[in-house]
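In what follows, a single structure is set out as structure tokens and then discussed.
Values in this text are rule-based calculations from the coordinates and carry no lab data. Since we're looking at a predicted model, the values are computed, not measured. No Cβ is skipped: glycine too gets one built from the backbone with ideal geometry, and neighbour counts run over all protein chains shown.
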Amino acid sequence: MGGLFGGGFMALTWVNAMIVVFLGFVGGVLSGFTGSGGAFFMTPGMMNLGVTGVVAVGSNVAHRLGNNLMGSLKHAKLGNVDKKLAIFLVVPALIAVRVAVWINGRLLHVSSGHEGGGEGAVSNLYISLVFVGVLTAVGIFILRDALRSRDAKEAEGPSMRVVNFVAGLHLPPYVTFPVADVRVSLWLVVLVGLVVGYLDGTVAIGGFVGVPAMIYLFGVPTSVAPGTELFLAMFGGGLAALSYAYQGLVDLRLTFLLLLGSIVGVYVGTYGTKVVKEVLIRLVMGSVILLCVLSRALALPVYLRQMGVVRFAPYLDAWFNVGSTVMLFAAGIGGTGLILILVVRAHIAQLRIHSTLQVSDPGLDS
Amino acid sequence: MPIIFVCSVPFGGGERLARILAEKLGYAFLSRDDVVGKANECGIPVGKLEVATVKKPAVRERLARLKERYLAVATATICEKAAEGNLVYYGRAGHFLLPGVSHVLRVRVIPEHTQRLDTVVQRTKLSRGKAETLLCDIDADIRSWVQFVHGVDMDDFHRYDLVINLEHLSIENAAMAVCGIADLPDFRPTPASRKAMEERLLQARARIKLALDERSADADLTVRSNDGVVTITYMPRQAALASVVPQVLHDLPGCQELRCTVASTNILWIQEEFRSGAATSGQLIELARRWGAAVELLRYRPDEVDEVDGAPPPEPATSGTKPGAAGGVEDDVPETVSDSDRAFQDALALLVHSGRSGGGQSVAGNRERLVSAINPNIPYSLVVVGDLFLKKGSAVRTRMTRELTNFLADHIKAPVIPIAELAARLRFGPAQIARLAASAVLMVALYALVFSHQETVLNVLAGPFHNAHPWGAVALVAVLAPLAAGLNAVVTSSVLRLMKLD
Amino acid sequence: MQERLQVLVLDDEPIVGKRLQPALAKVGCDVEVFDAPGQALQRVGEKRFDIVVTDIRMEDIDGIEVLEKVLERWPKTKVIMITGYATVEVAREAIAKGAFDFIAKPFKPQELRDVIARAAEALGFAGVDRAAADDSV
């Protein structure tokens, strides 16, 4: 391949263009289905195609620009955004985004100086490591929550101990947020803002941490948390996208291709949430995330070799890459396929139960 | 005689006032403790709600089901007790349980602080300072409890008929004053408000039965009742309930008919007249079918027009305009069924027939009455305001409908739209086709442009041009990425709408 | 030497103690169970418990009183209240009087174990077996 400019941009063929559209579609379905953004699938997918990690992240962030804008406007209309909370979160998040983009940009230019196309290897490794680290935790969290709530009828929440622990901390000053009806320590808000901003800037998966953090740490109602997070993503993601663009790390072609698939996907996924049980949603989401993590972990040795940290024959690169790609696509196709089947089946079932069931009880009329 | 609701924060003399009142008037006395006891008897752990209120931040959404059950038990307990005779109820905010019931006297008691503190110190043997903090915490908790359970601000004094401040008034004298007011004709039960209460009771009983039966205990159902017809809606993913619900509710007293509807969302349709053959009923079913929604009809007759233009109240309760008494369902009370009542029933029947009924009710009165008739616990995805104020001229009608729409939008959590807008949304006319075509052409052009000039684009994004003018890439991304997203969204949603899949 | 957490469980329904005893012993607590408040208080007079778990609504002596008596005798003991009839008022009173935490019935043993683990931490028991409390992150 070899990039046209700067090494990070690949040449597009019909085949890999279609693959990117497909990545967008799967990402869209997962994102609509889970409501947390499909970056966890699209970014590694593009990296497997040979796109430099930073460019994959940059293009992905840019593709969310429009969506975030529309989504947060819709939520704001419904009153699902706590603007005060959003503003308190946005400030640290923006700072963290800048830092994250700066780190990413710097690492890209760190030349590992070893054989075998080492440029970008450090950066790729860094992105992959953050990805694997965060999503492993998220995936396990979701899966365990799903498995537990399946047998416990009135589950108390995934981890009341964390909630209680945080509630027990006393870190003034406290700030009251009227829409969400919560009172939270300023420090906690700043911390969450920083983490979300950093993750948004580094791998575009801030929503995975932001939404649960708001719900479980702040006690924000589940109707308000996603709206507020989208609002945050609008600024955080926007800044990240533009910062990456400034550094020349957004491949607009990839962005366009992703959009082509993802918007249809989001519609399908959103419909899926209406007809599928919540436990199942979580199970699918947790499993797909963990498979994505495994796939990414398989790609790690390649970067390490490129940096000269570990040594093995370069021809093995191909094997790791193929393994990683296969696993990722298996996860994506499996997850999306399952959702599609469920959607179609539910649709048919709904057509069948068309007539209202009427039961009269004449015995009680008198 | 009215049901008297005395509400106050604890230790504030409210309970004593309520007891004295009950004794003076010879009414039965019921308190929150009785309701809580009853709920515990039914196996509804109300304590969890209380503890969750104290231990914030908790994940309160998980308690929504518990809350709903508590509300059902509270409603049923109060209604059953009130059915036996006159009643004084003491609690936190019980009157919110009976919206639409007009023979309710809502009294809020504001305690005298020093005395309240003394009571607490004496009862708990805490130091004054600690007792003060304790009271502060309790008050804050109860406020947030009322907010969570009833969704209203307890200290909003618009929601009471009478606020008694015990600062200058002894409890005995306050009780005397309330006695006098309770006697006023304004608070006497009307057939309509009795009927409203029966409906509340029926609905609450249905809810409790469903909650206590293990087959349906885990389901999130919407329960409505109107004229003895109980409508249960459930999500498509709970399809197994179709056979369970009738079994569970087969011996529900007062239930004349049971309707179950599968729906993934709820739509509320507010309109004054449901004339048969009107275009609206077609629209309604079309909408319901597309969205997989259950449509609830609300016939609203703004008879007693509120003070907006000072119009004289036209036709009082003469022509059978008893709210809620719209049905030809009852056989034992012969009533003349007006045309508009029949039209309403026909519209309902049409919905039932197409499997889209979410129940129906009639409301008359000012707009506050209308808002109180809308159940805040049902997550409507859309509230449609149909043709209203039919007796007015067209200009006035437009203005008043618009005002009502805005008023509803401020008071309900769901999006509220007038019917004209809905029609525009559903229609796929030439304008929509033009829009789709234009967006599609633009999109194709944009994509063609970018992909046929990849070199140039990449040059601006990361090539030599970028090195010289990095802001060029920023501008390009900032403009083109949202533009492409927007065009994509328009095309996709238009195509889906064309396929009637939105 | 291995220090074990000394726990007293008081509930007038014997089944509660019977169920909690093994659940707490599993995580390395020495548990004594009582179903009569009088006896429990007498025992508290003799021995210092690290943690006292008490029901609130009981026949002769109520849980708030137990709380007061225990703290009077052993100010450092952590008292955890459990009750099926929790109200905001009682919960707040218990907290104002120094209760460590408040759990509404019905609860899972794990919930109590979590609270006990926290109490142990507050007491400085570093070595409390948290293995069974592992479902928190």
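Computed from Cα atoms, the angle from the helix C:63-73 axis to the main principal axis of chain C rounds to 70 degrees.
Take each residue in B:449-458, count the other chain C-beta atoms within 10 Å of its C-beta, and the mean is 3.
With a Förster radius of 56 Å applied to the beta-carbon distance between C:LYS26 and A:TRP14, the computed FRET efficiency rounds to 0.35. Computing Rg and the Kirkwood Rh from the Cα coordinates of segment C:5-122 gives a ratio, Rg/Rh, of 0.91.
Over 21 Å apart at the Cα level, from the set B:LYS125/C:LYS108; C:LYS69/C:LYS97; B:LYS48/C:LYS26; C:LYS47/C:LYS69, are B:LYS125/C:LYS108; B:LYS48/C:LYS26.
Compute the angle between helix B:191-212 and the longest alpha-carbon principal axis of chain B, please, reported from 0 to 90 degrees and rounded to the nearest 10. Approximately 70 degrees, to the nearest ten.
Helix-derived [θ] at 222 nm for chain C: sum -39500 (n - 2.57) over DSSP H runs of at least 4, divide by residue count, nearest 500?
Rounded to the nearest 500, the figure is -12500 deg cm²/dmol.
Residue ranges A:311-318, A:95-102 sort as A:95-102, A:311-318 when ordered by packing (mean number of other C-beta atoms within 10 Å per residue, highest first). Per residue of A:251-261, what is the mean number of Cβ atoms on other protein chains within 10 angstrom of that residue's Cβ? Mean number of neighbouring Cβ atoms from other chains: 6. The spacing between segment C:1-64 and segment B:28-104, judged by their C-alpha centroids, is 33 Å. Within chain B, what percent of beta bridges assigned by DSSP are antiparallel, to the nearest 5? Antiparallel bridges: around 10 percent, rounded to the nearest 5. Given their separation in residues at 0.36 nm each and the Cα-Cα distance between them, B:GLU368 and B:VAL396 gain 8.1 nm when the chain is fully extended. Charge tally around C:GLU32: other residues with Cβ under 10 Å, Lys/Arg +1 each, Asp/Glu -1 each, net +1.
Between B:LYS413 and B:LEU496, what FRET efficiency follows from the Cβ-Cβ distance if R0 is 35 Å, with the result rounded to 0.05?
On the way: r = 26 Å, r/R0 = 0.74.
Computed FRET efficiency for B:LYS413 and B:LEU496 comes out at 0.85.
Per-residue ellipticity at 222 nm from helix content only, as computed over chain B with -39500 (n - 2.57) for each DSSP H run of at least four residues, stands at -16500 deg cm²/dmol. From the alpha carbon centroid of segment B:186-202 to that of segment A:175-190 is 42 Å. In terms of the mean number of neighbouring beta-carbon atoms within 10 Å, the peptides B:475-485, B:385-395 order highest first as B:475-485, B:385-395. Per-residue Karplus couplings for segment A:303-316, computed as 6.51 cos²θ - 1.76 cosθ + 1.60 with θ equal to phi - 60°, are listed in order as 5, 4, 5, 4, 7, x, 7, 10, 10, 8, 4, x, 5, 5 Hz, Gly and Pro entered as x.
Kirkwood's formula applied to the C-alpha pairs of chain B gives a hydrodynamic radius of 26.2 angstrom. Other residues whose C-beta falls under 10 angstrom from the C-beta of B:GLY12 contribute a net charge of -1, scoring Lys and Arg +1 and Asp and Glu -1. Length gained on full extension, B:LEU212 to B:ARG188: 5.2 nm, using 0.36 nm per residue less the C-alpha separation. Starting from 0 in steps of 10 Å, tell me what percent of the Cα-Cα pairs of segment B:3-187 lands in each bin. Going out from 0 Å in 10 Å bins, segment B:3-187 shows 9, 36, 37, 17, 1 percent. When B:GLU23, B:GLU50 are sorted by how many other C-beta atoms sit within 10 angstrom of their C-beta, beginning with the fewest, the order is B:GLU23, B:GLU50.
If a/c stays under 1.5 just call it rounded; otherwise compare a/b with b/c (prolate if a/b is bigger, oblate if not). Do that for segment B:404-493, with a ≥ b ≥ c from the square roots of the Cα gyration tensor eigenvalues. In terms of gyration-tensor shape, oblate. Annotation: the residues B:MET154, A:MET18, sorted from fewest to most other C-beta atoms within 10 Å of their own C-beta, follow the order A:MET18, B:MET154. Listing C:LYS76, C:LYS105 from fewest to most neighbouring C-beta atoms within 10 Å gives C:LYS76, C:LYS105.
Could you work out the mean count of beta carbons from other protein chains within 10 Å of each residue's beta carbon in A:221-230?
1
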